[in-house]
Amino acid sequence: MKFSVKVKSPAAITIEELVKDNWQLGKKTVHSLRMQKAFQTPEGIALDWSKPLEVGQLFQITFEDEGSSYFPSPKIPVQPFYEDDHFLIVGKPAGLKTHPNEPTETQTLMNGVFHYLDAKGHSYAEHVHRLDEGTSGLVLIAKHPIAKNLLDKMLEKKQIVRTYEAIVEGSVKKDQGTIKTAIAADRHHPSRRRVSQTGQTAITHYQVVGRNPQMTKVHVLLETGRTHQIRVHMAHLGHPIVGDTLYGAKAIKAEHYALQAFRIQFRHPITGELVNVEIPRS
């Protein structure tokens, strides 16, 4: 599959410096791009990797790579909150899986996203992170393999900040705090996680942003990304998320528990601009 991406040089540096120092692409990827003469002028002329680019110089990266294999589904509506040539940020409703676990699954967020991008002539869409099926909110999608590589590294280095909002049962005593308790699989329940000294390190930061006698609204930042981390940690604190019966909350009429990833912030890995996308709060 051939990809062609337009880019402006962020500084007066060589392509060699751009891919190795700024973007920190892997050796295999750099070698492949070099062999394919992927960096070209807008007219398609190969650029010299040792010659400095001008600040703001427009060039294109044209290369062969694998496309995505999701089945495009028009039945899954896509709600874009941000889009450029490199990535897409969409809203996922609660009750929808982020991605298929089996090739036969076709009704997930990624099936809808792939249909949305396929209609625009794109052949690639890969999620950079995921949300639990019952959690709503923003999901970051890479639109080409280089963007995926860059965003994966940023996620690993904690350079992509995701903020969640949860409504929990009861009155949380402290206005802010940090929960540091390891999390492991619950051997007595296939889909649950539990606090355990033998589990993986998990760190959750929270801040109270609203209260009433029955519930507390908190904003949450994750320092680690364990499965069900916010749900487990808030239940461990004695304040399960409203509607989250898997972790001890009371059953309610609402179909899903009250947890949303409402904000994503990061420095754009290609343009250097600050990206701050937020779902409006009610």
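The values are calculated or read from the model by the stated rules, or taken from the named source; none is laboratory data. Not measured: the values here are computed from a predicted model. Note that each Cβ is placed from the backbone with ideal geometry, even for glycine, and that neighbours are counted across all protein chains shown. The accessibility values were calculated without ligands, DNA or RNA, using every heavy atom of the protein model including side chains. Shrake-Rupley method; radii C 1.70, N 1.55, O 1.52, S 1.80 Å.
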Sorting Met234, Met1, Met215 on solvent-accessible surface, 1.4 Å probe, most exposed first, gives Met1, Met215, Met234
Roughly how many percent of the accessible protein surface of the chain is carbon and sulfur, given a 1.4 Å probe and a whole-percent answer? 50
Which value in deg cm²/dmol, rounded to the nearest 500, describes the helix-derived mean residue ellipticity at 222 nm for the chain, given -39,500 (n - 2.57) per DSSP H run of n ≥ 4 and division by the residue count? -4000 deg cm²/dmol
XL table Lys97/Lys174; Lys157/Lys250; Lys6/Lys148; Lys97/Lys158; Lys97/Lys148; Lys92/Lys180; Cα-Cα > 26 Å flagged, in table order, is Lys97/Lys174; Lys157/Lys250; Lys92/Lys180
Once Lys253 and Lys8 are pulled to full extension, the length gained, defined as 0.36 nm per residue separation minus their Cα-Cα distance, is 83.1 nm
Once amide hydrogens are built 1.01 Å from N within the peptide plane, the residues lying 5 or more places from Ala11 or on another chain with amide H under 5 Å from its amide H are Gly56
Under a point-charge model restricted to the Cβ atoms of Lys and Arg (+1) and Asp and Glu (-1), what is the dipole moment magnitude of segment 27-66 relative to its Cα centre, in debye to the nearest 20? 240
Report, by chain and number, residues whose modeled amide H sits under 5 Å from the one on Gln79, excluding near sequence neighbours (fewer than 5 apart, same chain). Gly91
Treating the beta-carbon of each Lys and Arg as +1 and of each Asp and Glu as -1, no other charges, what is the dipole magnitude of the chain about its Cα centre, to the nearest 20 debye? 940
Long-range amide H partners of His268, meaning residues 5 or more apart or on another chain whose placed amide H is closer than 5 Å, are Glu273, Leu274, Val275
Farthest towards the positive end of the dipole of the chain, among Asn101, Thr178, Thr14 and with Cβ unit charges of +1 on Lys and Arg and -1 on Asp and Glu, lies the Cα of Thr178
Rolling a 1.4 angstrom probe over the protein heavy atoms, how many square angstrom per residue are accessible across segment 1-91? 59
Tell me, what ³J(HN,Hα) does each residue in segment 235-251 have, in order and in whole Hz, if you take phi through Karplus 6.51 cos²θ - 1.76 cosθ + 1.60 with θ = phi - 60° and put x for Gly and Pro? 5, 5, 6, x, 9, x, 5, 4, x, 8, 5, 4, 10, x, 6, 6, 5
Give me a comma-separated list of calculated 3J(HN,Hα) values for segment 172-184, in order, Karplus coefficients 6.51, -1.76, 1.60 applied at θ = phi - 60°, integers in Hz, x for any Gly or Pro. 5, 5, 7, 6, 7, x, 10, 9, 10, 9, 5, 10, 9
Tell me, what ³J(HN,Hα) does each residue in segment 203-216 have, in order and in whole Hz, if you take phi through Karplus 6.51 cos²θ - 1.76 cosθ + 1.60 with θ = phi - 60° and put x for Gly and Pro? 10, 10, 10, 9, 9, 6, 10, x, 9, 9, x, 9, 9, 10
Please calculate how many Å² of accessible area segment 213-282 carries per residue, with a 1.4 Å probe and no DNA, RNA or ligand atoms counted. 51
Among the trypsin sites (Lys or Arg not before Pro) within segment 177-219, which fall in a DSSP loop and have no more than 14 other Cβ atoms within 10 Å of their own Cβ? Arg187
